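See below for the structure under consideration.
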Amino acid sequence: MMMMMMATMRKKSPGFLFVYSRIFHSHQPLNLHHNNSLLRSGTSFCTPISRYFGSIRECRKAFQASAINHFKVPSGFRFRCITSLSSVVQRNPSFSRLNSDDIEFFRSILGEKNVVQDEDRLLDANTDWLRKYRGSSKLLLQPRSTEEVSQILKYCNSRDLPVVPQGGNTGLVGGSVPVFDEVIINLRLMNDIVSFDKVSGILVCEAGGILENLSSFLDNQGFIMPLDLGAKGSCQIGGNVSTNAGGLRLVRYGSLHGSVLGLEVVLADGRVLDMLGTLRKDNTGYDLKHLFIGSEGTLGIITKISILTPPKLPAINVAFLGCKDYSSCQKLLVDAKRKLGEILSAFEFLDNMSMDLVLNHLEGIRNPLPPTMHNFYVLLETTGTDESYDKEKLEAFLLRSMEGGLVSDGVLAQDINQISSFWQIREGIPEALMKAGAVYKYDLSLPVEKMYDLVEEMRTRLGNSAKVIGYGHLGDGNLHLNISTPQYDDAVFAQIEPFVYEWTSNHRGSISAEHGLGLMKANKITYSKSPEIVQIMGSIKKLLDPRGILNPYKVLPHSLHS
């Protein structure tokens, strides 16, 4: 069977929902039978993609309607009562306050329009994407060049003015917004593509480039970004690198530590580190760029990136599968890595409670495998160069998996509506959770064989007081653990934390798989890193930012900032 496929485009829409659209054309439906099981392909249960879009206003209204209480500490920092902050963060008394002379200086180098004091714009910049954290900054700066970033930081360092670097502000742990009155530095105007080498696939660009725009540019060149995120339409590549963002392509292309070849970084005192190499091999001394990948803007501000991009491949297939238990999901992953090998590009899982949540709270979503509800579901994607070969390889793998009892039922996508509907189930879970009420969210990295044990233990621990949902990137060992309740409850929260961190630590996992630490988990870092390692991190911070002005109160324990 021949299939004509167009390149992947997955973006964050102007609203909350994510669209994962690929165009498929097939000349005939595929029906694969094994005993009483049916692997269905070519079915027409899908609804138009437009049904899945929601506006950002609707999403924000839903957040506001969820009756989430905020409280205000004396210093003015507001945060929602769902995080694990055990104590109120105190503003560093060594930091200066912004004055009129500071404003005039910034205007002299940036111009009037790039020194923003408008209250509405500042409200958005002060508030994180989840509406969970809110700072009280009175100033947003928009530099247009590395030199302007350097001048800003040199001045702020001399004045002891704290700053927070900000990209698309799509983070989930409070890392991209002020805690108090830090000056916000947004790089949105620094969005140029510096160069692209069609032979090597190496892209050099400024840090303010929107991930989707970079992907579109590369698509026209016959390449793709090695990074694919739900926030693709608004996140900036500098923020992606600063947080070492993961996403769906990690199982295929690895982390940004492998893809990023070079960086240009401005340090706290204004010095510019030119590490913007485009060489794949360079073994001369310490590879300092890795310090800044994932440092969340606490060591320096990334202004340019050199990144290796893979060629765009034409053959894309997606299957949505039902499994009887988590053990079957694990075995299916092992077999997929062995049998599909180089063409495996995504392996996502969700439990039946995740599926039930999506079906009940999102309009237009239908069960791909009616009428049965399976205990677990797997979304599997392959990407390769030979359409007929890849299709045949995947079909053979799925038949063997059914014969072996690993797959109970499945659907192989044949058109754009089915592809979009499959991905909408997986990507719609966060929105469904939001509509269901209050939610406690945890992003954890664990050994694959232990991942779902935490979900089951949490269900036992909480009983009927909450619904515990488990889903995530099985191919990467990344669990998204979510506890859903009608409203936020201190008693429920006390049962969750610190248990969830202790359990993760006892199984040698990470309390942050891909979201970073930000403000939310800064004081929890020792659950994943030893005190000795944290002290060394503090020493590096002190060396590169001795006055502590860069994104203060984030990543490291607050005791190290005092």
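Among 427-433, 469-475, the peptide with the highest mean count of other Cβ atoms within 10 Å heads the list, and the full ranking is 469-475, 427-433. Placing unit charges on the Cβ atoms of the charged side chains and taking the dipole of region 502-548 about its Cα centre, the candidate lying farthest along the positive direction among G548, G518, N506 is G548. Relative contact order of region 516-562: 57 percent, from C-alpha pairs under 8 Å at least 6 residues apart in sequence. Summary value for region 363-463: 28 percent relative contact order, contacts being C-alpha pairs under 8 angstrom separated by 6+ residues.
Working with all protein chains in place, sort K113, K198, K289 by solvent-accessible area computed with a 1.4 Å probe, largest first.
Listed by decreasing accessible area, they come as K113, K198, K289.
A straight Cα-to-Cα reach below 16 Å connects K304 with the lysines K289, residues fewer than 8 places away in its own chain not being considered. What the Kirkwood sum gives for region 159-295 is a hydrodynamic radius of 15.9 Å, with every pair of different alpha carbons counted. With each label modelled as a point 7 angstrom along the Cα→C-beta vector, the S539-Q117 pair spans 4.4 nm. Mean separation of Cα pairs under 8 Å and 6 or more residues apart, divided by the residue count, gives region 258-385 a relative contact order of 29 percent. Among the trypsin sites (Lys or Arg not before Pro) found in region 358-429, those both in a DSSP coil and sparsely packed, with 13 or fewer other Cβ atoms within 10 Å of their Cβ, are R366. For region 174-189, backbone phi angles converted through the Karplus equation (6.51, -1.76, 1.60; θ = phi - 60°) give residue-by-residue couplings of x, x, 10, 10, x, 8, 10, 10, 4, 6, 8, 10, 9, 9, 4, 7 Hz, Gly and Pro being listed as x.
Spatially, region 482-547 and region 353-410 are offset by 34 Å when compared through their Cα centroids.
Determine which aspartates and glutamates satisfy two conditions relative to K339: a Cα distance under 14 Å, and not lying fewer than 8 residues away in the same chain. Hits, sequence-local ones excluded: E381, D390, E392, E395. In terms of its C-alpha gyration tensor, region 91-163 has an oblate overall shape, because the principal axis ratio a/c (a ≥ b ≥ c, square roots of the eigenvalues) is not below 1.5 and a/b does not outweigh b/c. Bridging of K529 to aspartates and glutamates at a Cα separation below 19 Å is possible for E296, D443, E497, E502, E514, once same-chain residues fewer than 8 apart are set aside. Scattering from region 459-562 was approximated by placing one identical point on each alpha carbon and applying the Debye formula without solvent; log10 I(q)/I(0) at 0.22, 0.24 1/Å stands at -1.21, -1.32. Per residue, region 341-448 exposes 30 Å² of accessible surface when a 1.4 Å probe is rolled over the protein heavy atoms with every protein chain present. Shape analysis of region 358-447 places it in the prolate category; the axes a ≥ b ≥ c from the Cα gyration tensor give an a/c of at least 1.5, with a/b above b/c. Sorting D282, D128 by accessible area puts them as D282, D128; the probe is 1.4 Å, largest comes first, and only protein heavy atoms count.
Given in Å, the Rg to one decimal and the Dmax to the nearest whole number for the Cα atoms of region 252-408 are 21.5, 63. Counting only protein heavy atoms and a probe of 1.4 Å, the accessible surface of region 460-553 is 52% carbon and sulfur.
Would you mind checking the pairs K232/K324; K312/K337; K132/K337; K331/K393 and listing those with alpha carbons more than 29 angstrom apart? Those over the limit are K232/K324; K132/K337. M353 exposes around 60 Å² of accessible area when a 1.4 Å probe is run over every protein chain in place. Computed from backbone phi with θ = phi - 60° and the Karplus coefficients 6.51, -1.76 and 1.60, the 3J(HN,Hα) list for region 258-266 is x, 7, 6, 9, x, 9, 10, 9, 9 Hz; x is used for glycine and proline. The order of the peptides 266-279, 96-109, 298-311 by mean Cβ neighbours within 10 Å, most packed first, is 298-311, 266-279, 96-109. Here the accessible area is traced with a 1.4 Å probe on the protein chains. For region 270-333, carbon and sulfur cover 54 percent of it. Residue-wise HN-Hα couplings along region 399-413, as the Karplus relation 6.51 cos²θ - 1.76 cosθ + 1.60 with θ = phi - 60° gives them from phi, are 5, 4, 5, 6, 4, x, x, 6, 10, 8, 6, x, 10, 10, 5 Hz; Gly and Pro carry x. Annotation: amide H of M275 within the under-5 Å range of L263, E264, V265, sequence separation 5 or more or interchain, hydrogens built in the peptide plane.
The values are calculated or read from the model by the stated rules, or taken from the named source; none is laboratory data. Everything quoted here is computed from the prediction, not taken from an experiment. All Cβ positions, even for glycine, are placed from backbone atoms using ideal geometry, and neighbour counts span all protein chains on display. Remember, those area values only see protein heavy atoms, side chains included, never the ligands or the DNA or RNA. Shrake-Rupley method; radii C 1.70, N 1.55, O 1.52, S 1.80 Å.
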